[in-house]
1. Can you tell me which residue is farthest from Arg2 (Cα to Cα) among those in the range 37-61 that are under 22 Å from the mean Cα position of the chain (by Cα) and assigned to a loop (DSSP other than H, G, I, E, B)?
2. Can you tell me which residue within the range 74-96, out of those that are among the polar types (S, T, N, Q) and modelled with pLDDT under 90, is surrounded by the most Cβ atoms within 10 Å (Cβ to Cβ)?
3. Using the structure shown, decide if Val122 is within 33 Å of the chain's Cα centre (by Cα) and modelled with pLDDT of 90 or more.
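The values are calculated or read from the model by the stated rules, or taken from the named source; none is laboratory data. Just so you know, these numbers come straight off a predicted model, no measurement behind them. Here Cβ is always computed from backbone atoms with ideal geometry, including for glycine, and neighbour counts include all displayed protein chains.
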Amino acid sequence: MRVVIAEDSVLLREGLTRLLNDRGHEVVAGVGDGEALVTAVRELAAAGALPDVVVADVRMPPTHTDEGVRAAVRLRQSFPDLGVLVLSQYVEEQYATELIAGSSRGVGYLLKDRVADVSEFVEAVTRVATGGTALDPEVVAQLLGRSRKQDVLSGLTPREREVLGLMAEGRTNSAIAAQLVVSHGAVEKHVSNIFMKLGLAQSDTDHRRVLAVLTYLNS
C-alpha cells in the first residue's frame, strides 16, 4: 500500500510510519494538520501517484476539533477511490456518521486504542485501502444504539413527547395537565398512547411509567 499519515503527534506519526514500513508498505507522506494533508494528497495525485489510503487523526491543529475528519471528507469528495481511515481518542458520533454517510466503501473509523493491536490495525488499513470498511466495534454499537433509540420515540406526536418529557421530570398527571393547560383526561389519553407506542403492555411486575421515562432518558 501507498499511505499518507496525518497526525499532529510526531511520536505517533513516526511510530505508525515505521510500523507500516516494516510490513512492506510505503508511507509516501507524513503531515501534522488537515490543510497539509489535503495539499499532500493533491500534489501526489497531480504527479499521478494518488495514495491508496490516508490515515488521519480526527482532531488536529490549529483548533484540535475536527480538522482531520473535515480534510478526509474533502479528499473523498475530490478522490472517491481514495481510502480514508480516521483515528479518534473516543467515539465522536457526528464525525463518524458524516464520514460513513459519504461512502459505503474504502472508509474506516477506529479508536486509537486499536493501534496497540498491530495486526488488527494493519489489517484495517489494508481493508480500507482495497475498498473495504473498518469500523471500530464501539463506533458501531453507539451508532446502532442511537438509531434504535431515535426510532423508538419517532412514533410519538410532539404533544406526546412533551408529556413524556414532563413525566421524566417527575410530574404527576395532574401537574402535567396544569402545566399544559389541558384536562386531566387529555393527559391520561396521551400517557396511554405513549405506553402503547413504546410497546409497554400492562404488567403486574413492571411499572410502565418508570419504563417510559427510562426510554426517554436513554434516547
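1. Pro61
2. That would be Ser88.
3. yes
Here's the yes/no breakdown for (1) out of contact with any Asp or Glu (no Cβ under 7 Å at 6 or more places or on another chain); (2) among the polar types (S, T, N, Q); (3) within 21 Å of Leu135 (Cα to Cα):
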{"position": "Val4", "(1), (2), (3)": "yes, no, yes"}
{"position": "Arg23", "(1), (2), (3)": "yes, no, no"}
{"position": "Gly30", "(1), (2), (3)": "yes, no, no"}
{"position": "Ala40", "(1), (2), (3)": "yes, no, no"}
{"position": "Asp57", "(1), (2), (3)": "no, no, yes"}
{"position": "Pro61", "(1), (2), (3)": "no, no, no"}
{"position": "Asp66", "(1), (2), (3)": "yes, no, yes"}
{"position": "Arg70", "(1), (2), (3)": "yes, no, yes"}
{"position": "Gln77", "(1), (2), (3)": "yes, yes, yes"}
